[in-house]
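> Sending over a structure as C-alpha cells; questions will come in a sec.
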Amino acid sequence: MTTAIPTAADLRSAIARELPGVRADLERLIRIPGIAFDGFDHSQVERSAAAVAELARGCGLDVQVVRAGGQPAVLGRRPAPPGAPTVLLYAHHDVQPVGDPARWSSDPFEPVERDGRLYGRGAADDKAGVMAHVAALRAFGDALPVGVVLFVEGEEEYGSESLSRLLDAHRDELAADVIVIADSANWEIGVPALTTSLRGLVNCFVEVRTLEQAVHSGMFGGPVPDALTALCRLLATLHDEAGDVAVPGLVGRTGSAVDLPEQRIRDEAGMVDGVRFTGTGALTDRLWTKPALAVLGIDAPATDGAPNALVPAARAKLSLRLAPGDDPSAAYAALTAHLRAKAPWGARVEVSLESDGDACVIDATGPYFDAARAAFAAAWDGVAPVDVGVGGSIPFIATFQEMFPDAAILVTGVEDPYTGAHGPNESLHLGEFARVCLAEAFLLAAVADPAIQLRGLPPVR
C-alpha cells in the first residue's frame, strides 16, 4: 500500500503546528554541555545522546545508541514504504567548548532569545540541525513517504575520530538513496544554499631548535640564533607579499561562480578598521577553492617574566586548509618539505602531523538535487538556493562518498552569516530555522515523488 504524500499546504500547517515544541526541545538540548574534547565531562555527551535518542523514538523510529570506541551516536531507523527511497538524515549533538565565558553576553548553556535570534552554544551548530530533522519527521507523523535513517554523531567537533568505524559497523543499516547532512550554512538571511564543495585539512606542529638549552642573551646574543626568532622567520616564508600561500606543490583553482561583497566579509569576520585582505583573486576563490594557511598557536616563553635568555626551542601549530582536489598526504609532504628547506641559519626543524581530512566536491546534479532545489525554493517563497563552497572542512563527507558512492549527498544547514559558530555568542536566526524545517519536510515529500512540486509548491524564481 502506497503512503499518501501530504500536500505542500498540509506540510506548511504541520510545521507551523510543531515549531513551538521543536523550539522547546532545542532549548533543552542546548542546556546540555555535551563537549567531546579531552578534559571535559563526557557524561554530558552521554546525556545529550540519550536526549536525542528519546526525541527519535518520539518520531516512531527504531533507535539505538551506538559507539565504536568513541563518544555515543544515535542511530534511528524506519523502513521505507514499498518502492520508496530511503533518506539518511545526519547531524551531530556534540558542541565546541565555549572558550572565555566573559566574551559571552549570556550563559552559553542557557538559551536566550534576542532580536529574533536564539543564543547558546550549539544553538545552530548543530543542535538546530538535529531538530530540523525532528521537525520534518514530526510534520509527517505516521504518513512518512520515505524510509528514514537518522544518524546523529557525538564527536564531530572533536574530529569524528570513531566515525569511520561506526560507518563500517553499521554500513547496511545506514545505506540510503539520499544523504542529508544538516551541518552547513545558507548564503544569507533570506537566501538558501546547497554546499557543493568543502576544503580539506592538515593540522600539524613545527618545532625549531637552535640550542641544547637556554643561554644568556647578552653573553651569546649576536652570533648565536635563538629558536623563537628562527621560528618567526620560518613562519614568514609561508606566504608571499600579497598574502597568498607560498608552499610549492599545493593545489588551487579559481573561477567561483559567485563572489561576496568585501564589506560582508569584514563584518562577518570582525576585521579591525584598516586591515587589508590577504591573497589575490575573487574572495570566494580565496575562501573556497584556494589553500589557506594559518598559525594557530606558538609555544614559547610568555612575555610576563621572560628571562634575558636565548630561547633554545619554539613550536607552532599550523592549520592548512586544502583546496578541493588536493590530497592531505601530498599536501602534508609539500608543507614539510617547504619548512625544512626554509629553515633559517641551519636550525633543526621537526614537523609532526596532528590530524588531516579530505576535501570534497559534490556533483549536485540529478533528480534528487532537483527535488532539493524545488523544496528549498518553496520554503523560501520562490528564492532558489545558491550552490556554494565552504572554506571549512567536514572530512567525513568524503567518507560518506566513498562508502555510499551511489547516494546523492545534500549538504544543507541552519547557519547564516551572523551565526558565529565556534565563537562566543553563537546564535540561530529563528525565522530561517523555521524555513529550514519546512524545506526538509518538502524535501522528503519531493524525494518520494518529484511531481509533488506540481501540487502546491511555488515556482522557482
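> Please work out if Asp358 is in contact (Cβ under 8 Å) with a residue 12 or more places away in the chain, open to solvent by less than 40 Å² (accessible area, probe 1.4 Å) and acidic (Asp, Glu).
Considered against the rule, which asks whether it is in contact (Cβ under 8 Å) with a residue 12 or more places away in the chain, open to solvent by less than 40 Å² (accessible area, probe 1.4 Å) and acidic (Asp, Glu), Asp358 comes out as no.
> Test Leu287 against the criterion of being under 22 Å from Thr210 (Cβ atoms), open to solvent by less than 80 Å² (accessible area, probe 1.4 Å), of a type outside the set (Lys, Arg) and assigned to a helix (DSSP H, G or I), and give yes or no.
Answer is no for this residue.
> Also: Restricting to the stretch 361-404, name every residue that is hydroxyl-bearing (Ser, Thr, Tyr) and either open to solvent by 30 Å² or more (accessible area, probe 1.4 Å) or part of a helix (DSSP H, G or I) (or both).
Selection gives Thr365, Tyr368, Thr399.
Each row is one residue, and each column tells you yes or no for (1) open to solvent by less than 10 Å² (accessible area, probe 1.4 Å); (2) part of a loop (DSSP other than H, G, I, E, B); (3) aromatic (Phe, Trp, Tyr).
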residue	(1), (2), (3)
Leu88	yes, no, no
Asp94	yes, yes, no
Val98	no, yes, no
Pro108	no, yes, no
Val134	yes, no, no
Arg138	no, no, no
Gly141	no, no, no
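> Being among the hydrophobic types (A, V, I, L, M, F, W, C) and in contact with a Ser or Thr (Cβ under 8 Å, 6 or more places away or on another chain) is the filter; apply it to the stretch 296-310 and report the residue that is most open to solvent (accessible area, probe 1.4 Å).
So the residue we want is Leu296.
> Kindly provide the set of residues from the stretch 311-333 that are of a type in the set (A, V, I, L, M, F, W, C) and either in contact with a strand residue (DSSP E or B) (Cβ under 7 Å, 6 or more places away or on another chain) or open to solvent by 40 Å² or more (accessible area, probe 1.4 Å) (or both), ordered by number.
Ala313, Ala314, Ala316, Leu318, Leu320, Leu322, Ala330, Ala331, Ala333
> Can you go through Ala80, Ala128 and tell me which one is open to solvent by 30 Å² or more (accessible area, probe 1.4 Å) and either more than 18 Å from Ala53 (Cα to Cα) or in contact with a strand residue (DSSP E or B) (Cβ under 9 Å, 6 or more places away or on another chain) (or both)?
Step by step, each of Ala80, Ala128 is checked, and only Ala80 is open to solvent by 30 Å² or more (accessible area, probe 1.4 Å) and either more than 18 Å from Ala53 (Cα to Cα) or in contact with a strand residue (DSSP E or B) (Cβ under 9 Å, 6 or more places away or on another chain) (or both).
> Looking at Ala56, Ala51, Ala36, which is the one that is crowded, with 18+ Cβ neighbours inside 10 Å, among the hydrophobic types (A, V, I, L, M, F, W, C) and either in contact with an Asp or Glu (Cβ under 6 Å, 6 or more places away or on another chain) or part of a loop (DSSP other than H, G, I, E, B) (or both)?
Step by step, each of Ala56, Ala51, Ala36 is checked, and only Ala36 is crowded, with 18+ Cβ neighbours inside 10 Å, among the hydrophobic types (A, V, I, L, M, F, W, C) and either in contact with an Asp or Glu (Cβ under 6 Å, 6 or more places away or on another chain) or part of a loop (DSSP other than H, G, I, E, B) (or both).
> Quick one: in the stretch 63-72, of everything that is in a strand (DSSP E or B) and out of contact with any helix residue (DSSP H, G or I) (no Cβ under 6 Å at 6 or more places or on another chain), which residue is surrounded by the fewest Cβ atoms within 10 Å (Cβ to Cβ)?
Taking the candidates together, the pick is Gln64.
> Quick one: which of Ala80, Ala51 is more than 18 Å from Arg171 (Cβ to Cβ) and either of a type in the set (Gly, Ala, Ser) or in contact with a Lys or Arg (Cβ under 7 Å, 6 or more places away or on another chain) (or both)?
Exactly one of Ala80, Ala51 is more than 18 Å from Arg171 (Cβ to Cβ) and either of a type in the set (Gly, Ala, Ser) or in contact with a Lys or Arg (Cβ under 7 Å, 6 or more places away or on another chain) (or both), namely Ala51.
> How about the stretch 413-442: which of its residues are open to solvent by less than 10 Å² (accessible area, probe 1.4 Å), not charged (D, E, K, R) and not in a helix (DSSP H, G or I)?
If the condition is that a residue be open to solvent by less than 10 Å² (accessible area, probe 1.4 Å), not charged (D, E, K, R) and not in a helix (DSSP H, G or I), then Gly413, Val414, Thr419, Ser427, Leu428 are the ones that fit.
> How many of the residues making up the stretch 110-125 are open to solvent by 30 Å² or more (accessible area, probe 1.4 Å) and not in a loop (DSSP other than H, G, I, E, B)?
So the count comes out to 4.
The values are calculated or read from the model by the stated rules, or taken from the named source; none is laboratory data. Keep in mind it's a predicted model, so treat the numbers as computed, not measured. We place every Cβ from the backbone using ideal geometry, glycine too, and count neighbours over all the protein chains shown. Please note that ligands, DNA and RNA were not included when accessible areas were found on the heavy atoms of the full protein model with its side chains. Shrake-Rupley method; radii C 1.70, N 1.55, O 1.52, S 1.80 Å.
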